[in-house]
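To start, the structure under review is shown below, and the notes come after it.
The values are calculated or read from the model by the stated rules, or taken from the named source; none is laboratory data. Computed from a predicted structure; not experimentally measured. Cβ: placed from backbone, ideal geometry, glycine included. Neighbour counts: every protein chain shown. For the accessible areas, the whole protein counts, side chains as well, though only heavy atoms, and no ligand, DNA or RNA atoms are used. Shrake-Rupley method; radii C 1.70, N 1.55, O 1.52, S 1.80 Å.
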Amino acid sequence: MSTPIPIRRPRRLRINGAIRDLVRETHLDSRDLIQPMFIVPGQNIRKPVASMPGVYQVSVDQAVLDARRVVELNLGGIILFGIPAHKDETGSEAWSDSGIIQQAIRALRGAFGDLIILADTCLCEYTNHGHCGPVRHGGIANDETLELLGQTAIAQAQAGADIVAPSGMMDGMVAAIRDALDGEGFSRVSILSYAVKYASAYYGPFRDAAENTPSFGDRRTYQMDPANRREAMIEAQLDMDEGADMLMVKPGLAYMDILASLRQVTDLPLAIYSVSGEYAMIKAAAERGWIDESRVVLETLTGFKRAGADMILTYHATQAAAWLRAQ
Ligand code: PBG
Ligand code: ZN
C-alpha cells in the first residue's frame, strides 16, 4: 500500500522568505503604533517605573526628547497621562489650563506640528482617592463626572490635542465630551473611546506609573467584568451611537476574541491597548533570557492586527518601530 501523494501542499508558499513575504496577510507598520507617556511636573526628570523596565515618568522637557524619537521612527502617535503636583476630591488639575497634561500638549504641539497627540481623558490620576470620578455616597457619581470630563476634553483640545480618549467607563461619556467639544468650536477633535475596558489585574504596573491606585474599593462598578462578551457589544454600540470616531478594547492579549467580534460589527477604526501587565510579563521573561524579546513583541503586535486592530497602544511602540526599521 503506497502513501497517497498530497495534491495540496501549503508548504510551497513557505519555501523561502520572498514567497512568504508575497503571501503575508497582515503587515505591521510603525504607523500602527501609539506610544504612551507619563508626564510629571518639574525639569529634567526621568524616573524609572520599577515594574515597567524601559518606561519612565518624564518631565515635559524630556517628553519632547522622547517624542523626537517617536517622530523620527514614524509612529502613529503618542498618548499622554499626567501625574499632577496636587490631587483633590474632583481632580481639578485635569481640566486646569495650567494642568500638567495641558502644559505637555502645548510643548509637544509647539515642537512637532504633525505629531498625532492623544490625551487620556480621565480623572483618576488627579483625584486624591484615585477613582475615575468624584465620590458621592460611597459610589462614583456618573453624571457629575460627565460634566468634568467635558471640561477636561475642552482643556486638552485647547492645548492642541488631536484626539481625546475617555477611559473612565462612565455611561454617556462620549456624548458628553462630543457635546462639550462642539460647543467650544472643537468639532475637528476626534474621540477614541475606551469603549470596552475591563476591570483587569493587568493594570497593576500602570498604577505605579500613573499613581492612580484607588484608595478604597476597586473599579468594578464602572469597568467591565472580564467574563462578559455580549456586554462588550452593547458598550461599543452605545459609543458608536454617541458619536465615537474610534473604539478601543482594553486590555489586549486576554481580550483578542472581543476585538475580533467587534471587527465583525463595526467599520469604525479599532484600537487595542496592550496594557502595563502585558508589557511587564514580556520584559520580565526577556530579562531572564527565557524568551526572545523582539520576536515575541513583534509576533504579539502582529497578532493584534490580525485580530482586527487598526492601531495598537503599547509601551513597546518606540522600540518595536526601531526593530521594524532594522528588519
Ligand atoms: C485609567 C487608566 C488605566 C489605564 C489607562 N487609563 C488604569 C486603570 O483603569 O486602572 C491602564 C493602562 C495600563 O495598564 O497600561 N483610567
Ligand atoms: Zn480613570
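Only one residue in Asp66, Asp61, Asp21 is in a helix (DSSP H, G or I), among the acidic types (Asp, Glu), out of contact with any Phe, Trp or Tyr (no Cβ under 9 Å at 6 or more places or on another chain) and open to solvent by less than 70 Å² (accessible area, probe 1.4 Å), so which one is that?
Asp61
Answer yes if at least one residue in the stretch 41-55 is under 18 Å from Ile163 (Cα atoms), surrounded by 11 or more Cβ atoms within 10 Å (Cβ to Cβ) and within 18 Å of the chain's Cα centre (by Cα), and no otherwise.
Within the stretch 41-55 (the criterion being under 18 Å from Ile163 (Cα atoms), surrounded by 11 or more Cβ atoms within 10 Å (Cβ to Cβ) and within 18 Å of the chain's Cα centre (by Cα)), the answer is no, since none of the residues qualifies.
What residue, of Met224, Met169, Met246, Met256, is within 17 Å of the chain's Cα centre (by Cα), buried (at least 18 other Cβ atoms within 10 Å of the Cβ) and on the phi > 0 side of the Ramachandran plot?
Met169
Which of (1) in a helix (DSSP H, G or I); (2) out of contact with any Lys or Arg (no Cβ under 7 Å at 6 or more places or on another chain) is the odd one out, the single condition Leu80 does not satisfy?
(1)
Taking the criterion of being open to solvent by 10 Å² or more (accessible area, probe 1.4 Å) and within 24 Å of Leu313 (Cα to Cα), would at least one residue in the stretch 136-151 satisfy it?
No, that holds for no residue.
Here are some conditions: (1) part of a loop (DSSP other than H, G, I, E, B); (2) under 25 Å from Val296 (Cβ atoms). Pro36 meets all but one. Which one does it not meet?
Unmet condition: (1).
Can you tell me how many residues in the stretch 302-319 are of a type in the set (D, E, K, R) and touching a strand residue (DSSP E or B) at 6+ places or on another chain (Cβ under 9 Å)?
Counting residues in the stretch 302-319 that are of a type in the set (D, E, K, R) and touching a strand residue (DSSP E or B) at 6+ places or on another chain (Cβ under 9 Å) gives 2.
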